[in-house]
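**Student:** Here's a structure for you.
Laboratory data are not the source of any read-out in this text; all were calculated from the coordinates shown. Here the structure is a predicted model, which means the values were calculated and not measured. Heads up, the Cβs are rebuilt from the backbone with ideal geometry, glycines too, and the neighbour counts pull from every protein chain shown.
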Amino acid sequence: MRIYAVGGSVRDELLGLPVQDRDYVVVGATPEQMVEAGYRPVGADFPVFLHPQTHEEYALARTERKTAPGYRGFVFHTSPDVTLEEDLRRRDLTINAIARDTEGNLIDPYGGAADLKQGLLRHVGESFTEDPVRILRAARFAARFANRGFRIAPGTLLMMKAMVDAGDVDHLVPERVWQELSRGLMEAVPSKMFEGLRACGALAHLLPEVDRLFGVPQSAKSHPEIDTGVHVMMVLDYAASRNHPLPIRFAALGHDLGKGITPRQSWPRHPGHEESSVQLVQGICDRLRVPGDCRDLARMAARWHGEVHAASRLTAEKLLAIMDATDALRRPARFADFIEACACDHHGRLGFANVPYPPREFFLAALSALQALNFSDIAQSNPNDIAGAIDRAKFEQLQRFIEERNTA
């Protein structure tokens, strides 16, 4: 039995990055020998075991054979005679196909260490084409290591394009697409994932609502970057630069989707794009089974970001409508995230990264004003019309709030 550290832990060590999890490959062992040594089996599709003390994963060396479309269409083969090189050959990128033995020696049969130095995301071999998830993974790693100058190797990009042209991405199941997209949204420079997906044509298949934003113009006065797709990527990267959570980043991605279906004769204006953005966001969420927290925040940002930007011109009636529609009083933390998503839209424009965003303070102060109301007293004083009394009290409170700010 020979044990090797493999994959991400070896890659990240060579890059000088902290290692979160370690995975190991075991060569020359059977499942029975692993159990006898105290390892606990957990693998459903192939033999994976947890170390009895560290609980780290140890997988038996394996090969795989494509038998059907999709990422589940594989038959795995494990045997004591499967070599480490054979196991590494089935991996996606060379930077993930490096191993280290128990004495610290690197085993790098496919040039992963050299690709790390050159910043190349390169496929290990032709087996890359057998799993369309690898298109998403390559693009995601481009987003993760963008700040280090990594790029998808030209040959790998051609291979990804050929896979898209062959219809391979159409076999991906929604849950797997969302899993990779959501992880990519949380990388350092998420726009690089979308850049990679666009370059090979996959974005038009997976997220056509985002793909068609590129090339759609906006008013140069409010959007010096002009291109809607460029703007959305800037908003997304700004959200990433602020270390915002996934719901805010997804809201950043979806807030302007409606501009992609504006008739050309209306360009560069986009009347009604907010409502159509809500519908398109909902379509993505239904298709990819996006979690509810991401869906709800994205819908709110799509519908209301324009009004939030115009905070200084809002009437009490409109302000209350926004606060009620976003359930601000009952969900104050989510409301704060909603305002942050709107702030990302403001900052994600050419030359606006450091321009102050007054609506943030305005809306959070408006929420504080509503929270100061004693709703129990209001209800007790109006037992026959509790809902109406509460609505009137909120309106009057926001009216006073606006008047005080205007006279301050």
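**Student:** In what sequence do R183, R91, R140 fall when counting other Cβ within 10 Å, fewest first?
**Tutor:** Going from sparsest to densest Cβ surroundings: R183, R91, R140.
**Student:** Here's something else I'd like to know. Separation between the A310 and A113 pseudo-spin-labels, each 7 Å from Cα along Cα→Cβ, expressed in nm?
**Tutor:** In this crude label model, A310 to A113 measures out at 6.2 nm.
**Student:** Here's something else I'd like to know. Across 10 Å bins from 0, what is the distribution of all Cα-Cα pair distances for segment 165-214, in whole percents?
**Tutor:** Bin by bin from 0 Å, the calculated values are 24, 60, 16, 0.
**Student:** Residues of segment 198-219 with backbone nitrogen within less than 14 Å of a virtual label 7 Å along the Cα-to-Cβ line of D286, please, listed as ranges.
**Tutor:** none
**Student:** If you don't mind, another one. Considering only the other residues whose Cβ falls under 13 Å of the Cβ of T30, what net charge follows from Lys and Arg at +1 and Asp and Glu at -1?
**Tutor:** Residues near T30 contribute -2 overall.
**Student:** If you don't mind, there's one more thing I want to ask. Using Cβ contacts closer than 10 Å as the measure, can you line up W178, W267 from fewest to most?
**Tutor:** W267, W178
**Student:** Here's something else I'd like to know. Rg over Rh of the chain, using C-alpha atoms and the Kirkwood radius, what does it come to?
**Tutor:** Across the chain, the Cα-based Rg/Rh ratio is 1.08.
**Student:** Next question. I want to check the label-to-label distance for A333 and S368. Put each point 7 Å from Cα in the C-beta direction and report it in nm to one decimal.
**Tutor:** Here the answer is 2.0 nm between the modelled labels.
**Student:** Still on this model: Roughly how many nanometres apart are two label points built 7 Å out from the Cα toward the Cβ at A220 and R89?
**Tutor:** Rounded to a tenth, the inter-label distance reads 5.7 nm.
**Student:** Let me know the Rg and Dmax you get for segment 307-408 when you use only its Cα atoms, in Å.
**Tutor:** 15.1, 54
**Student:** Between beta-carbons, use under 12 Å as the cut-off and find the net charge around Y4, counting Lys and Arg +1, Asp and Glu -1.
**Tutor:** Here the charged neighbours net out to -3.
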